[in-house]
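This report refers to the structure that appears directly beneath it.
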Amino acid sequence: MIPFALGRHTGLALSGPARLLLPVLMVLVLSACRDQSDEHLIQGTTLGTGYHITLYADLDQTQVAALEAGIQGELATLERQRSVFTHALATAFRRFWIATPGLQHEVDRQTHVLAVDRLVQWLEEHRPAPAAVLVELGGVLRAQGESPDGGWRLSLELAGLPGPDGARHLRLRNAALVHRFARQERVPLLTLTTPLAVSVIAPSASEAMHQASRLMQADPEHALALAESMDSAARVVVKTPQGIEIQHTAALEPWLEP
């Protein structure tokens, strides 16, 4: 069996899905001694959220401008697709008097995942391709290549949940990191064991989201067994009658800093 590292924190500290889904839930901690000469930051808003792209490449201002235009073009295409699908979804369900906020939330999350994977692929195919890139959109992250300081250093703590002493960080390389959170209205008021959040690292954002969704839908005990069977690099946050337990699989260990 895959061993699990366990931690427990007392008290429930949820303050709504809006806070949980803030992009700042993943704070990028960059080394102060990093060489900034080839570092470029591209950011903006799209798909109802913000995006941040950090890349390392030997580019002049004209090339950077062309890169930004290409990225905005890819995102504009996704915006149109999302708008068409959202309109069709609302029209279809309105006929049956069914509210769709939860379904719309899923559409948005899947669109964010698709956007991250598409941007990484587009940047890899772009010439000149960046030596390393980190794409973050709506809290979904994917890193390709290795940053100059040996990997993208990210905080693993989750906004809206208590942070333990000695908060853990990881180094993300050629992989994606996705979080899934329990929607507040679905968290039982009774002091029963229930999952609150799941974080998964996988080769692509799509695969990470697929694994995270399966783990989030499972009962807490089943979620851990499922993570083991998938050899998933996963972190599970669970509410218990005694407080909050944070568990992660052994497959996550190689990603964590000592």
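So how far apart, in nm, are the two label points at His87 and Leu192 if each is 7 Å from Cα heading toward Cβ?
4.2
Say R0 is 41 Å: what FRET efficiency, to the nearest 0.05, do Glu125 and Ala250 get from their beta-carbon distance? The partial results should precede the final answer.
Numbers: r = 35 Å, r/R0 = 0.85.
Efficiency, rounded to the nearest 0.05: 0.70.
In a Debye calculation with equal point scatterers on the alpha-carbon sites of the stretch 213-258 and no solvent, what is log10 I(q)/I(0) at q = 0.21 Å⁻¹?
-0.70
What list of ³J(HN,Hα) values in whole Hz, one per residue of the stretch 149-156 in order, does the Karplus curve 6.51 cos²θ - 1.76 cosθ + 1.60 (θ = phi - 60°) give from phi, with Gly and Pro shown as x?
So the J values, rounded to whole Hz, are 8, x, x, 7, 8, 10, 7, 9.
Just so you know, all these numbers are worked out from the coordinates, no wet-lab data involved. Predicted, not measured: the structure shown is a model, and the values here were computed from it. Quick reminder, even Gly has a Cβ in these numbers, built from the backbone with ideal geometry, and neighbours come from all protein chains shown.
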